[in-house]
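The structure appears right after this line, and notes come after that.
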Amino acid sequence: MTFGIKTTPMRATYEEISRVWQEADALPAIADAWLWDHLLPVAGPRNGQILEGWTLLSALAAQTRRLRLGLLVTSNRIREPAVLGKIATTVDVISQGRLIMGLGVGGTHQPPDAGGVAGENPAIAEYDAYGLTLVPPAEGIARLAETITILKNMWTEDVFDFHGRYYTLKTNQNEPKPVQRPGPPLLIGGWGTKTLRLVAEQADIWNIPGPPHNTLDYIAERSRVLDAHCAAIGRDRKTITRSVQYIVAYDDPAGDRKAILDLIDAGMTHIVLSLRSPYPSQVAHWLVDEIITPVRALRS
C-alpha cells in the first residue's frame, strides 16, 4: 500500500505547487506526486489560471530528489506521440529516473454527465479554445495503443519506423534514452472496458478516479473487468498496481480515512490524495499525520 499526492494546478500558482512538492519530497510516507493535463479549468470560472502540465512537471522534477512523479494523466490528444516521447524522456533524465508515464485516451465525444463530471463535457470548450479535435471513443483508444507502441520503441530502439492507422514515423531516433530501462513505468488511467483491455496488455499501473466521480461499487466492478482481461491473455492480475484518486476534504479527516479504508478493502493498493487549492500550510505533513499514518496503522 503506497500513497501519493496530486496538486491539481487549477487556480493555483507555481509557487504554491512547488511549496507542496518540496514539502512532500522530504516525507518518505508520500511515494509520488502528480499533476494533471488540462489547458482550461474544468470546474468553476473558465478564466481561472492554469499551468501546462509537462512544462510544470519538468520544473518540479528539477526541484525534488526522491518523489516519483508524473501526470495523472497525460491526454493523448494534445501532443503528437513522438513529441510526447521526447518530452517524457527529457523529464526522466532531469529527474534521474523518477518519471511514471501516466497516459489516458484524452478528449473524446462524451454525453453530458459522463465519467462522474456533472454537465456538458468540459473537453468541448477546452479543445475548441486550443484548436484541438475530439474523436470518437473507439478512435481515442486506438490512437492511445499506437502511442504506447511508439513510446516503447523510442525508449528501446536506436532507430525505427512506425506505420500505424493514425501515426507514421520515419527513421525516428531518440537520444538520450530514459534513465529507467527499458523505460518509465506505464500508468493508464480510465475505466471503459476497452481501455481496461489495454491496461491488461500494456500497463504497470491502472488508475481510476474515486468518489465522488466513481462509486466504490463501480470501482470494484471495473477491477473485476480488468481481472477478466488479465485472465484472457494469461497475465497475472497481481502484476498490475491498482491506483485510485481520492479528493481530500480538509475539514473531515475521519471521513477521508473511512473512504480510503473502503477503497483499500476493494483492492486498491495505491492511493493518490488529490488536493484542492488553495493548499493549506504544511498540507503534506497534515496528510501524513491525519490520513496516511492512521490508515496504515489500521491495516498493519
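Only the coordinates and a few stated rules stand behind these numbers; no lab work does. Since this is a predicted model, take the numbers as computed values, not measurements. Counting neighbours? That spans all protein chains shown, and the Cβs are built from the backbone with ideal geometry, glycine included.
Report, in deg cm²/dmol and to the nearest 500, the calculated mean residue ellipticity at 222 nm for the chain, where each DSSP H run with n ≥ 4 adds -39500 (n - 2.57) and the sum is divided by the residue count. Spell out each step's value before the answer.
On the way: 10 runs with 117 residues, N = 300.
Mean residue ellipticity, 222 nm, calculated: -12000 deg cm²/dmol.
State the antiparallel share, in %, of DSSP beta bridges confined to the chain, rounding to the nearest 5. Don't skip to the end; give the middle numbers.
Numbers: 4 of 37 bridges.
Here the antiparallel bridges make up roughly 10 percent for the chain.
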Would you mind checking the tilt of helix 53-63 against the longest principal axis of the Cα atoms of the chain, expressed as 0 to 90 degrees and rounded to 10? 60 degrees
Work out from phi, with θ = phi - 60° and the Karplus expression 6.51 cos²θ - 1.76 cosθ + 1.60, the ³J(HN,Hα) of each residue of segment 92-98, listed in order in whole Hz, and give x for Gly and Pro. 5, 5, 4, 7, 6, x, 10
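How high is the FRET efficiency from Ala29 to Lys152, r the C-beta distance, R0 35 Å, rounded to 0.05?
Working: r = 32 Å, r/R0 = 0.91.
The value I calculate is 0.65.
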Long-range amide H partners of Phe3 with built H, under 5 Å: Ala31, Ile271
Output ³J(HN,Hα) for segment 44-50: one whole-Hz value per residue in order, computed from phi by the Karplus curve 6.51 cos²θ - 1.76 cosθ + 1.60 with θ = phi - 60°, and x for Gly and Pro. x, x, 6, 8, x, 6, 8
Can you list residues from other chains, or at least 5 along the same chain, whose modelled amide H is less than 5 Å from the amide H of Lys177? none
At what distance in nm do the modelled label points of Asp251 and Ala228 sit from each other, each positioned 7 Å from its Cα along Cα→Cβ? 4.2 nm
List every residue whose amide H lies under 5 Å from the amide H of Asn121, counting only residues 5 or more places away in sequence or on a different chain, with H placed 1.01 Å from N in the peptide plane. Asp113
How large is the direction-averaged shadow of the alpha-carbon convex hull of the chain, in nm²? 15.0 nm²
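If R₀ is 22 angstrom, what is the calculated FRET efficiency for the pair Leu39 and Gln63, using the beta carbon separation as r and rounding to 0.05? Show your work: numbers first, answer last.
On the way: r = 23 Å, r/R0 = 1.04.
E(calc), rounded to 0.05, equals 0.45.
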Using the basic label-point model (7 angstrom from Cα toward the beta carbon), what is the Tyr14 to Thr133 distance in nanometres? 3.3 nm
Setting aside same-chain residues fewer than 8 positions from Lys194, which lysines have a Cα under 19 Å from its Cα? none
Among the aspartates and glutamates, which fall within straight-line cross-link reach of Lys152, defined as a Cα-Cα distance under 16 Å, with same-chain neighbours fewer than 8 residues apart omitted? Glu80, Asp92, Asp161, Glu175, Glu201, Asp204
Estimated vicinal HN-Hα couplings, Hz - segment 243-259 in sequence order (Karplus 6.51, -1.76, 1.60; Gly, Pro = x): 10, 9, 9, 9, 7, 7, 9, 4, 9, 9, x, 5, x, 4, 4, 4, 4
Once both labels are modelled 7 Å past Cα along the beta-carbon direction, what's the His163-Arg181 spacing in nm? 3.1 nm
